[in-house]
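Peer 1: I am attaching a structure below and will ask some questions about it afterwards.
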Amino acid sequence: MKKLLQIGSKLVLASTLATTFTFSQAQAAPEITIKAAHAASATNTGHLALEYMDKELRERTDGKVGLEIFPNGQLGGERELIESIQLGNIDMVFVSSAPLASFNKQFFALDMPFLFENRDSVYKVLDGDIGQELLSSLDGVGIVGLGYWENGFRQLTNDRQVVHTAEDLKGLDMRTMENQIHLMAWRELGTNPAPLAFNELYTALQQGTFEAQEGPINLFRDMRFDEVQKYISKTNHIYSPFVVLMNPEVQYRMSDQQQAIFSQVFQDAKAYQRGLALEADEAATAELVEKGITITTLTPEQLKSFSSQMKPVYDRVEDIVGADFAKRVIEAAQ
């Protein structure tokens, strides 16, 4: 009996050690950790795509490659995140396309207001030669452009009144991104625009520093802007994708096989994220209506009151990126 008890104890101990070892292996940090960050919330579809990438990378590389994700602007606003990629302090980020124009002027071409009619025209440009050309242009400033995720058409929101036409905008104090074309466009429409880091926007709206802002509907919902803004006008004035960026040195930490796996996982994540974003827009719209937010869909004639004032903005973009490139982008979007 004593021998049986000893054998039983050894078996239990062996089983416990095996279980502990297996659990420790499963929880072990990957050999290669890619430090990823963004300024959006942890419920944003971009964040969910990073979580998807982390899961898939760990599974497909037997736990050797994974992500460590920092959401909510923990490591800085979008401009700071781009600079951190250049410095090598962060490995991977996704940011709106507008701040990138400060690092490479060709990205101003995506800021031409009312350039895209729908998502089909967007994807034709971004996933085609022009989109790749823009990504490649970042090589010269120490950034690898991985691709484009869905951020969505930008809409106008405010806490003063329903906006139907450009005339309703006169005198609004408005937050925009740090981008000269965005600032110029809203000045042409009669607002008083000023840039502000996205992670500071909620407080600025709450304190009345700004009466209006603009951005995708699902981001409006994610950031709880419905607590400080009551009116949304569906202007679709600019489509600003999330651009996914990486520090060039990251690839050298991975083997050729791991790099191939990473590339495939990123492509899978792009499809996954775009699908989530489309669903999020629809869900956000329904949820915001239930919360009492007034969402106004503008007629073609009302939209014309905005778009008809954009010629000086298009002329400015041509001055910056070159008339030939601007023309190519416009033609590709049609």
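Each reported figure results from applying straightforward, stated rules to the coordinates on display, with no laboratory input. Since the structure is predicted, the reported quantities are computational estimates derived from the model, not experimental observations. Using ideal geometry, Cβ is built from the backbone for each residue, glycine included, and neighbour counts are taken over all protein chains shown.
Peer 1: So if we plug the beta-carbon distance of Lys105 and Ser307 into 1/(1 + (r/R0)^6) with R0 = 22 Å, what FRET efficiency do we get, rounded to 0.05?
Peer 2: 0.40
Peer 1: Still on this model: Which ³J(HN,Hα) values, rounded to whole Hz and listed in residue order, are derived for region 63-76 from phi using the Karplus coefficients 6.51, -1.76 and 1.60 in 6.51 cos²θ - 1.76 cosθ + 1.60 with θ = phi - 60°, glycine and proline given as x?
Peer 2: Karplus-based 3J(HN,Hα) across region 63-76 equals x, 7, 10, x, 10, 10, 10, 10, x, 6, x, 4, 9, x Hz.
Peer 1: Taking only C-alpha pairs under 8 Å that are 6+ residues apart, what is the relative contact order of region 31-333 in percent?
Peer 2: 26
Peer 1: Right, another one. Antiparallel versus total DSSP beta bridges in the chain: what percent is that, nearest 5?
Peer 2: 55
Peer 1: Could you calculate the FRET efficiency of Ser136 with Ala323 from 1/(1 + (r/R0)^6), where r is the beta carbon distance between them and R0 is 30 Å, rounded to 0.05?
Peer 2: The formula returns an efficiency of 0.90 here.
Peer 1: What is the gain in length, in nm to one decimal, between Leu87 and Asp256 on full extension, counting 0.36 nm per residue of separation less the C-alpha to C-alpha distance?
Peer 2: Values: separation 169, 0.36 × 169 = 60.84 nm, distance 2.41 nm.
Extending this stretch completely gives an extra 58.4 nm.
Peer 1: What spacing in nm lies between the two simple spin-label points modelled at Arg58 and Arg187, each 7 Å away from Cα in the Cβ direction?
Peer 2: For the pair Arg58/Arg187, the computed spacing is 4.9 nm.
Peer 1: What does the net charge come to around Gly131 if you take all other residues with beta carbon closer than 15 Å to its beta carbon, with K and R at +1 and D and E at -1? If you can, show how the numbers build up before the last one.
Peer 2: Working: positive: Arg119, Lys124, Lys270, Arg274, Arg328; negative: Asp111, Asp120, Asp127, Asp129, Glu133, Asp139, Glu150, Glu331.
Taking every Cβ under 15 Å from that of Gly131, the sum is -3.
Peer 1: Subtract the Cα-Cα distance of Arg160 and Asn118 from 0.36 nm times their separation in residues, and report this length gain in nm to one decimal.
Peer 2: Length gained, Arg160 through Asn118: 12.3 nm.
Peer 1: Gain in length, Gln206 to Asp315, computed as 0.36 nm per residue apart minus the alpha-carbon separation, to one decimal in nm?
Peer 2: The span from Gln206 to Asp315 would gain 35.7 nm if fully extended.
Peer 1: Separate question: Could you tell me which of rounded, prolate or oblate describes the chain, using a ≥ b ≥ c as the square roots of the eigenvalues of the alpha-carbon gyration tensor, with rounded for a/c under 1.5 and, failing that, prolate when a/b is larger than b/c and oblate otherwise?
Peer 2: The shape class here is prolate.
Peer 1: Magnitude of the Cβ-charge dipole of region 31-333, K/R +1 and D/E -1, about the Cα centre, nearest 20 debye?
Peer 2: Taking the Cα centre of region 31-333 as origin, the dipole is about 340 debye.
Peer 1: Using packing as a proxy for protection, rank 62-74, 31-43 so that the peptide with the highest average count of other Cβ atoms within 10 Å comes first.
Peer 2: 31-43, 62-74
Peer 1: Along the charge dipole of the chain, pointing to its positive end and built from +1/-1 on Cβ of Lys, Arg, Asp and Glu, which listed residue (Gln309, Gln251, Thr61) has its Cα farthest out?
Peer 2: Thr61
Peer 1: Could you please report the charge total around Leu81, scoring K, R as +1 and D, E as -1 over all other residues with beta-carbon less than 14 angstrom from its beta-carbon?
Peer 2: Every neighbour counted, the sum reads -3.
Peer 1: Computed FRET efficiency, Cβ-Cβ of Ala283 and Ile330, R0 25 Å: what is it to the nearest 0.05?
Peer 2: 0.15
Peer 1: Could you tally the net charge around Met254, taking each other residue with its Cβ under 13 Å from the Cβ of Met254, Lys/Arg +1 and Asp/Glu -1?
Peer 2: Summing Lys/Arg as +1 and Asp/Glu as -1 gives -1.
Peer 1: While we're looking at this one, here's another question. Can you compute the modelled spin-label distance between Glu68 and Asp268, with each label point 7 Å from Cα toward Cβ, in nm?
Peer 2: The two pseudo-label positions are separated by 2.4 nm.
Peer 1: Tell me whether region 213-327 comes out rounded, prolate or oblate; compute the Cα gyration tensor, take square roots of the eigenvalues as a ≥ b ≥ c, and use a/c under 1.5 as the rounded threshold.
Peer 2: It comes out oblate by the Cα gyration axes.
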